[in-house]
1. Would you please name the residue that is nearest to Ser66 (Cα to Cα), looking only at residues in the range 76-110 that are of a type in the set (Asp, Glu) and crowded, with 16+ Cβ neighbours inside 10 Å?
2. Pairs needed: first member in the range 96-118, without any contact (Cβ under 8 Å) to a residue 60 or more places away in the chain and among the acidic types (Asp, Glu); second member anywhere, surrounded by 14 or more Cβ atoms within 10 Å (Cβ to Cβ) and not in a helix (DSSP H, G or I); C-beta distance under 7 Å; at least 6 residues apart or different chains.
3. Regarding the range 111-127, can at least one residue be identified that is loosely packed, with under 15 Cβ neighbours inside 10 Å and polar (S, T, N, Q)?
4. Could you list all residues from the range 31-75 that are modelled with pLDDT under 75 and part of a strand (DSSP E or B)?
Amino acid sequence: MLCDMCGSEGQMYKAIVEGAELTICQKCSKFGRVVHAVKKVEPKKIIPRVIKNVNPEKETMQLIVSDYAEKIKRKRESLGLKQEEFAKKINEKESLVQNIESGHYEPNIELTKKIERFLKIKLIEDYEESSEEQSKVKNDSFTLGDFINVKKK
């Protein structure tokens, strides 16, 4: 156990120093009022437990096909639409349609779904990723992560 004031080891005491209860060494005890001596406690032996993930999680993601620009341009041209007309039909800017068809801009999933519905083509693929079985070592002690609350947006 370490002294809360100077960090040294040795016989420790609980003391009131300027209104705060601290664990301090004999040298630092002169700065406050000693309440009682602290018994040395031997740390428990930590026995790691192995936890196996029985059911590996499967994660499904939606990905846009790599040749989305060519597919959109080909289908739009087969319908006989100019970029300006197509942009008006899907309620987007013509410059956005130009950037998508040239491959300079990859549309987000929502916009891709809108284009899919209008052109009646498949642009989104479901990609399933499964995690391999991993064994984790779990200690019976706390970590910093056990105390952190993560805010989700």
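1. Ranking the qualifying residues of the range 76-110, first place goes to Glu101.
2. Every condition considered, the pairs that remain are Glu106/Ile64; Glu116/Leu123; Glu116/Ile124.
3. no
4. Within the range 31-75, Arg49, Val50, Ile51, Lys52, Lys58 meet the criteria.
The values are calculated or read from the model by the stated rules, or taken from the named source; none is laboratory data. These numbers were taken from a predicted model, which means no experiment stands behind them. Glycine gets a Cβ as well: all are built from the backbone with ideal geometry, and neighbour counts include every protein chain shown.
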